[in-house]
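The values are calculated or read from the model by the stated rules, or taken from the named source; none is laboratory data. Predicted, not measured: the structure shown is a model, and the values here were computed from it. Cβ placement follows ideal geometry from the backbone for every residue including glycine, while neighbour counts extend to all protein chains displayed. Note: areas computed on protein heavy atoms with side chains; ligands, DNA, RNA excluded. Shrake-Rupley method; radii C 1.70, N 1.55, O 1.52, S 1.80 Å.
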Amino acid sequence: MIFLKTDEEIELMYAANQLVGKTLGELAKVIKPGVDTLQLNNLADTFIRDHGAVPAFLGYEGFPKSICASVNENVVHGIPSEKVILKEGDIISIDIGTVLNGFVGDSAYTFPVGEVSEETKRLLRTTKESLYAGIEQAKVGNRVGDVSNAVQYYCEKRRYSVVRELVGHGCGRKMHEEPEVPNYGRKGNGALLKSGMCICIEPMINQGQKEVIFESDKWTVRTRDRKLSAHFEHCVAIRPGGARILSSFDYVEAVIGKDF
């Protein structure tokens, strides 16, 4: 079932999502070579709790940490660890969820670590730009397939591949609600977008082939060919005048800039 949110509920979701953005901004200040991903997890956990929320991911279906930290070929759901130490030229996708006043915030950003190659920068730019291409189609009267197709077309035109096994989703009182929001599909297909729907659009885009492997830890998903993967996510509300972005990259970009 798809739950339509009231204006008041959307404001509560905005607050939860803004806290995710602020948390990503705090991590942006410390992401550098030599930092391990458990340090990032602990910083995020403390920041979220200090602001009156709880991490949405911790314990979700058994997930053991408060954020997902996925480095290089890891697409999503990387488990933070003191053994995963960032190096110059890496990229790291940080996915964060919060629960604040009964509603979930959910957003992700892929960070360069130190100086990265021009080829890596292009992957990051394309993935981030494809997110906004999808958001442009997230409007009343369109369908989920219009969003999905916009992401797919933008990335494949630039010779990147789109992960099939993992998708975006509805969001609200629960982190994963209907409808599913794939990053590939046909225009005019899928659920009809109505005012009050809140969805998370999250392109997961590979530098090489689209195929992925689910690792033995039962969480981490990596590219089969071990080439890089990038992931950006916004939570948006469908409104009569177009999508309202509830999450924010402003706090990250105030630290690292808008471009890569």
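Odds and ends about this structure:
- Residue within region 172-181 that is closer than 17 Å to Ala133 by Cα and open to solvent by less than 30 Å² (accessible area, probe 1.4 Å) present: yes
- Subset tally (residues that are outside any loop (DSSP other than H, G, I, E, B) and out of contact with any strand residue (DSSP E or B) (no Cβ under 8 Å at 6 or more places or on another chain)) for region 19-46: 8
- Number of the condition not met by Val75 [criteria: (1) out of contact with any helix residue (DSSP H, G or I) (no Cβ under 9 Å at 6 or more places or on another chain); (2) in contact (Cβ under 8 Å) with a residue 24 or more places away in the chain; (3) farther than 17 Å from Thr220 by Cα; (4) not polar (S, T, N, Q)]: (3)
- The set of residues in region 100-122 being assigned to a loop (DSSP other than H, G, I, E, B) and within 19 Å of Gln207 (Cα to Cα) consists of Val113, Glu115, Val116, Ser117.
- A residue that is more than 18 Å from Lys194 (Cα to Cα), assigned to a loop (DSSP other than H, G, I, E, B) and free of Cβ contacts under 8 Å to residues at least 24 places away in the same chain cannot be found anywhere in region 138-155.
- Note on region 156-260: enclosed strands (runs of 3 or more DSSP E) holding 2 or more residues that are among the charged types (D, E, K, R), in contact (Cβ under 8 Å) with a residue 12 or more places away in the chain and within 26 Å of Asn101 (Cα to Cα) are 177-181.
- Pairing each residue of region 27-51 that is more than 15 Å from Lys83 (Cα to Cα) with any residue that is open to solvent by 40 Å² or more (accessible area, probe 1.4 Å) and part of a helix (DSSP H, G or I), provided the two are 6+ apart or on different chains, yields C-beta distances under 7 Å for Leu27/Leu43; Ala28/Val255; Ala28/Ile256; Lys29/Val255; Val30/Leu43; Leu43/Glu26; Phe47/Glu26.
- Some residue of region 79-102 being within 20 Å of Gly168 (Cα to Cα) and in contact with a Gly (Cβ under 6 Å, 6 or more places away or on another chain): yes
- Per-region count, region 220-260, residues in contact with a strand residue (DSSP E or B) (Cβ under 9 Å, 6 or more places away or on another chain), open to solvent by 30 Å² or more (accessible area, probe 1.4 Å) and over 22 Å from Gly89 (Cβ atoms): 3
- Scan region 199-235 for residues that are under 12 Å from the mean Cα position of the chain (by Cα) and either of a type in the set (S, T, N, Q) or within 12 Å of Leu131 (Cα to Cα) (or both) and the total you get is 12.
- Single match in Gly52, Gly97, Gly89, Gly78 (criterion: of a type outside the set (Phe, Trp, Tyr), assigned to a loop (DSSP other than H, G, I, E, B) and under 14 Å from the mean Cα position of the chain (by Cα)): Gly78
- Residues within region 91-111 that are open to solvent by 10 Å² or more (accessible area, probe 1.4 Å) and either within 19 Å of Thr46 (Cβ to Cβ) or touching an Asp or Glu at 6+ places or on another chain (Cβ under 8 Å) (or both), tallied: 3
- Yes/no for Gly134 being farther than 22 Å from Phe57 by Cα and part of a helix (DSSP H, G or I): yes
- For region 55-75, filtered to residues that are in a helix (DSSP H, G or I) and more than 25 Å from Thr127 (Cβ to Cβ), the residue that is least open to solvent (accessible area, probe 1.4 Å) is Gly62.
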